[in-house]
Each structure stands twice: as structure tokens, then as C-alpha cells.
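S.K.: Here it is, the structure in full.
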Amino acid sequence: QFATRVVSCRAAELRPEGGGAPVRGFQVVLEATILCPEGGGQVRPGPGPGPGPGPGRAGGIDAPCPQPDDRGLIGDVPVLRVTRRGPEAVHFVQAALEPGAEVLLSLDWERRFDHMQQHSGQHLITAIAEQMFGFKTTSWELGRQRSVIELDTPSMTAEQIEALERSVNEKIRERVPVLVRELAADDPEIETVRSRGLPGDHTGPVRVVDIEGIDSNMCCGTHVSNLSDLQVIKLLGTEKGKKNKTNLVFLAGNRVLKSIEQSYSTEKALTSLLKNGPGEHIEAVKRLQNSVKVLQKNNLNLLRDIAVLIARDFKSKPAQSQLFVLHRKEGDSEFMNIIANEIGTEETLLFLTVGDEKEAGLFLLAGPVEAVENLGPRVAELLGGKGAGKRGRFQGKATKMSRRGEVQALLQEFISHQSPEA
């Protein structure tokens, strides 16, 4: 927590991260803040374990880094977003705050500590990957579930990943300190510090994060004060990145524990469902997949046979109706087209549907070309769906299968208005 004062409060809108309608609220600037703005917090995050020294006053601008913003409370008002506007941290809230009022700022520590673990973990992985293999980091992303480091290499072997994971976890066990210092912008030592460059509106000192004896990096993100606070790092593997780049996926700290807990819960559920031990899960699933393939093939063959029998039964009747209507819950487009092929559509109008009557499904209208061209779009509209057709067939998807009766009435009315010659 941190006591400070409100400098300004003005009406504004916030666009939600997941999209949707803008949220009305207020942009609040404080005299000082302990909430780190998104993008790594160009404003020094302030006091507390890990983020680094300093009173948290606006003005200490450093190199950008892709870190999500902090969350917290101003008094009892939730802070929904923290952004940077020049040297200021702007807090978005949904209740107006009086300029000049003294307020107590509270930090969402669980979120902050997670960001600290992932960000310090990235610094460590980046430094060791370059030392061991010469792989430079070109960018990285701190995600909600996992984080990704983009390495300037076309690929990494499984042996390299294993060696890198082993090395970073050794450094964690060695309890290496993580220190924060500030250098003057014209200090020649800045040339020795790893950096992605300063932002264009930089003023004041430069913030440097040192992993003692391992890495020195210009950064304004939030970090742990000792590598032991990372607990553990797990490298999940690599994914293909941009041209000649490799994305290394990792978890650090509590995210590793949560991942293990989730995996164990899944393992227990599979053990209960498959009735065997974890070591046999893969083989059991493979057997089930093979069984499903055989059943699906048999089911398709049976559906084809049923379609042929339905058509033959209709054709065997002495007086054939001008309208044939059929609905079947189990079936597909092939099932309907087989029936249409077997019956023939020169004189008979066919309306076939498959799927759950209360949900979505498929439909086929087949018959004389002119009739189908006229009726097809109207059938699709009644069924709340879309379709297309040619040469006497119109088929598509339907969202209102319960209106099949209305379609049948439409078709019956159409037939009753046709002359015998037609």
C-alpha cells in the first residue's frame, strides 16, 4: 500500500482488452504511484520488494519492455487499467476522485509477483541462452498463461533446451541477487548494458536491472530481488517463429506449480475414465480412436444402405406421391443425396432433413429444376438457414428445424397449384 494524492481526474472511456463496448470512467493521475503502467511501466514502479528503489514519483523514464500493467485499488475504487502518458502513470477507474484528496493506493500483489517472476525469468533465460549458444533475444511476450521469448536462431535442439533449462534452474538454486541501479543518461557505463533502446520521450536517469555476475539490462519492468524467488523455470519447448526465428515457450514460479496441478487433475480424470494407470493412457486413447474409426465407417455404410432401402420402398408403391418428405436425426448430406439419386427428381419434389429437431441441421430440396429454383431460397428462409443449389438441388444448413412443418405446407401448396401437365 502507498499513500498519495490525486493530481487530476477527467472523464474518459476504456476499450476492454477482449473487445466490446467502451467502458465509461475517469483517468486519474496521482502524485506518485506503485502501480506499473502497461508496456513495462515507463514510470518507476516505486517501493516494495523487487521493483527497485525510489519513491515512485513520475519522471523516471527508462527503456520499454512488454509487460502487462498492475491492478489495484485507489481507496476502495478498482483500477481497471494503468497506462503511460509521457512521464505520467494514468489510472482508469469508474468513480470520480477529487483532485487534491489524499488516497491510499493498494497493489494487487498476486498479479505483480507473477509478472515479477515471469519478467526476471525472461532476463535469466535470455542471458544464459546467449552465453551458452550465442542465441540473442529479439523480442518477448508476457502472456496470461505462458510467456514466449523470440530467439534469433532458426531452431533449437531438444538437447539445447534441456541444457538451458538445467542451467537456469542451477542459477535459481544459487540464490543470485537481482539489483536495481540508476545511471545518468550520459554515463559511459550505459554502453555496456544490454538494451533495446530508450523511448523517444526519455528524460532523467536510466534504470538498469542486474542479475549479479550474469546479466546487466536496461529495463523498467518489475523484478524479484533474488533469483531464488523464481522458485523454478520450466521450458515447455519451441514453436516456429518469424523468418529464421524460434519462439521459446516458458513458465516461471507459481505458473509452474499451477501447470502441474492442472496436469495432475487431468491425469486423475483420465485414470478414472480409462480405468488404467497414467503410463497406459496414450495406448488406451489410441485403441479408442481406432475403435471409433471402425464404428464411424460401419455407421456410414449402414446409413447408405438405409438410404437405398428408403428410396426403393417409395418407388415400389403403385401410386407415387408428387411430394416426398423425410426427417432423420442421424444422417448427413451424403445420406440425403443417395435418396435423391435413387428416387430420381424429374417428377417428385423431395424435402429431406437430418439433425436434431430442436437444434441446427441440414436440409435438401430436390426435384424439377424450375420448382427448386423458385422454392429453395424460401425453404432456407423458413428454416433460418442458408443454402445454394444448381440443377434441381438446393441444400444447406438450417437453424430452425422445428419449422419443417411450415416448409412441408409451403411445398404442398405449391404442388396443389400446379396443373397436371406441369
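S.K.: Would you check which residues across region 380-411 are in contact with a helix residue (DSSP H, G or I) (Cβ under 8 Å, 6 or more places away or on another chain) and within 13 Å of LEU323 (Cβ to Cβ) and list them?
M.R.: VAL407, LEU410, LEU411
S.K.: Further question: Among the residues in region 349-356, are any free of Cβ contacts under 8 Å to residues at least 60 places away in the same chain and in contact with a Phe, Trp or Tyr (Cβ under 6 Å, 6 or more places away or on another chain)?
M.R.: Yes, region 349-356 contains at least one residue that is free of Cβ contacts under 8 Å to residues at least 60 places away in the same chain and in contact with a Phe, Trp or Tyr (Cβ under 6 Å, 6 or more places away or on another chain).
S.K.: Then there's this: For region 205-259, list the strands (runs of 3 or more DSSP E) that sit wholly inside it and hold at least 2 residues that are at pLDDT 95 or above and open to solvent by 40 Å² or more (accessible area, probe 1.4 Å); which are they?
M.R.: Ranges flagged: 233-240.
S.K.: On to the next question. Within region 375-391, identify whether any single residue is open to solvent by 80 Å² or more (accessible area, probe 1.4 Å) and part of a loop (DSSP other than H, G, I, E, B), and answer yes or no.
M.R.: yes
S.K.: Another one. Could you check how many residues of region 339-363 are among the β-branched types (Val, Ile, Thr) and either modelled with pLDDT under 90 or surrounded by fewer than 20 Cβ atoms within 10 Å (Cβ to Cβ) (or both)?
M.R.: Residues flagged as among the β-branched types (Val, Ile, Thr) and either modelled with pLDDT under 90 or surrounded by fewer than 20 Cβ atoms within 10 Å (Cβ to Cβ) (or both) within region 339-363 amount to 3.
S.K.: Then there's this: State which residue pairs qualify: first residue within 14 Å of ALA371 (Cα to Cα) and inside region 402-418, second residue open to solvent by 50 Å² or more (accessible area, probe 1.4 Å) and part of a helix (DSSP H, G or I) in any location, beta carbons under 7 Å apart, and separation of 6 or more residues or different chains.
M.R.: Listed by first residue and then by second, the contacts come to LEU410/ARG378.
S.K.: Oh, and also: Answer yes or no: is there a residue in region 38-52 that is part of a loop (DSSP other than H, G, I, E, B), modelled with pLDDT of 90 or more, under 25 Å from the mean Cα position of the chain (by Cα) and within 27 Å of ASN254 (Cβ to Cβ).
M.R.: no
S.K.: Quick check: anything in region 183-203 open to solvent by less than 70 Å² (accessible area, probe 1.4 Å) and under 27 Å from the mean Cα position of the chain (by Cα)?
M.R.: no
S.K.: What number of residues within region 364-373 are open to solvent by 40 Å² or more (accessible area, probe 1.4 Å) and either under 43 Å from the mean Cα position of the chain (by Cα) or free of Cβ contacts under 8 Å to residues at least 24 places away in the same chain (or both)?
M.R.: Residues in region 364-373 being open to solvent by 40 Å² or more (accessible area, probe 1.4 Å) and either under 43 Å from the mean Cα position of the chain (by Cα) or free of Cβ contacts under 8 Å to residues at least 24 places away in the same chain (or both): 3 in total.
The values are calculated or read from the model by the stated rules, or taken from the named source; none is laboratory data. Keep in mind the model is a prediction, meaning the values are calculated, not measured. Virtual Cβ from ideal backbone geometry, glycine too; neighbours counted across all protein chains shown. Areas reflect the complete protein model, heavy atoms only, side chains present, ligands, DNA and RNA absent. Shrake-Rupley method; radii C 1.70, N 1.55, O 1.52, S 1.80 Å.
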